[in-house]
Amino acid sequence: AGGGKGFKLNVPLAPYTSDESYLEVFEQVVPHALAWFLPEVLVVQCGADAHFRDPLADLHLTTRAYETLFRRLVALADKYAGGRAVFTLGGGYNPDATVRTWALLYLVLQGVPLPDWLPEAWRVRWEKPLGSALTPTLHDATQPPLLPGERGLAITQRNRQTARRLMETAVLYWH
């Protein structure tokens, strides 16, 4: 409202949004918004609850999408905020997916190579208190269930339309 109108973007994505659709909408919206806002610093909340194994959310992201997003956000911070960014943790209710997602964030921010395998001693140490087996690899060992072609296409098209409408509305405030 008032002077803040047009300075917040919320992109409501369809349930079961895949990596590809999420990343496409991200590119449709975020770089353009940053080019307009020219932030002094990016503050990024890096919840893992969009992961396909999360029991509360209904998005279907994999750790590969998270890695892509983290790398892209670092590049966007370099381009639009002089490299200044604060990455916070939050959200993520599947311990296996959450810990691997946040490990990816840490490794990407440190600029170190990503390991293929997680240390076995670490996994053994934490599997008992968690009461379940942990994925032995940094990236997901399985993929989200595939949606039938038409349903997946409909989700992608809906997300594109949402992003397009958002940007059409937002630019009215930006110019």
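Counting only protein heavy atoms and a 1.4 Å probe, region 1-94 has 52 square angstrom of accessible area per residue.
For the chain, what proportion of DSSP beta bridges, expressed in % and rounded to the nearest 5, is antiparallel? Of the beta bridges lying entirely in the chain, close to 10 percent run antiparallel.
Scaling the Cα radius of gyration of the chain by the globular reference 2.2 N^0.38 Å produces a ratio of 1.13. In a DSSP loop and with at most 16 other Cβ atoms within 10 Å, the GluC sites (Glu not before Pro) in region 5-100 are Glu40.
Mean separation of Cα pairs under 8 Å and 6 or more residues apart, divided by the residue count, gives the chain a relative contact order of 30 percent. Across the alpha-carbon set of region 98-175, the Rg to Rh ratio works out to 1.19, Rh being the Kirkwood radius.
Under the combined filter of DSSP loop state and at most 15 neighbouring Cβ atoms within 10 Å, region 1-63 retains these chymotrypsin sites (Phe, Trp or Tyr not before Pro): Phe7. Do any trypsin sites (Lys or Arg not before Pro) in region 56-114 lie in a DSSP loop with no more than 14 other beta carbon atoms within 10 Å, and if so, which? Counting only loop positions with at most 14 other Cβ atoms within 10 Å, the trypsin sites (Lys or Arg not before Pro) in region 56-114 are Arg84. In order along region 54-59, the Karplus-derived 3J(HN,Hα) couplings, from 6.51 cos²θ - 1.76 cosθ + 1.60 at θ = phi - 60°, round to 5, x, 9, 8, 10, 9 Hz, and Gly and Pro are given as x. Can you list the residues, at least 5 places off or on another chain, whose amide H is less than 5 Å from the amide H of Ala85, using H built in the peptide plane? Excluding prolines and chain starts, which carry no amide H, the hits are Leu42. Apolar share of the accessible surface for the chain: 58 percent from carbon plus sulfur atoms, 1.4 Å probe. Using only the Cα atoms of region 43-120, build the gyration tensor, take square roots of its eigenvalues as a ≥ b ≥ c, and label the shape rounded, prolate or oblate: rounded if a/c is under 1.5, else prolate if a/b is larger than b/c, else oblate. Oblate shape, in that a/c is at least 1.5 and b/c is the bigger or equal ratio.
The values are calculated or read from the model by the stated rules, or taken from the named source; none is laboratory data. Note that the structure is a prediction, hence the values are computed from the model and not measured. Backbone-built Cβ (ideal geometry, glycine too); neighbour counts: all protein chains shown. We work out accessible area using only protein heavy atoms, side chains counted, and drop any ligands, DNA or RNA first. Shrake-Rupley method; radii C 1.70, N 1.55, O 1.52, S 1.80 Å.
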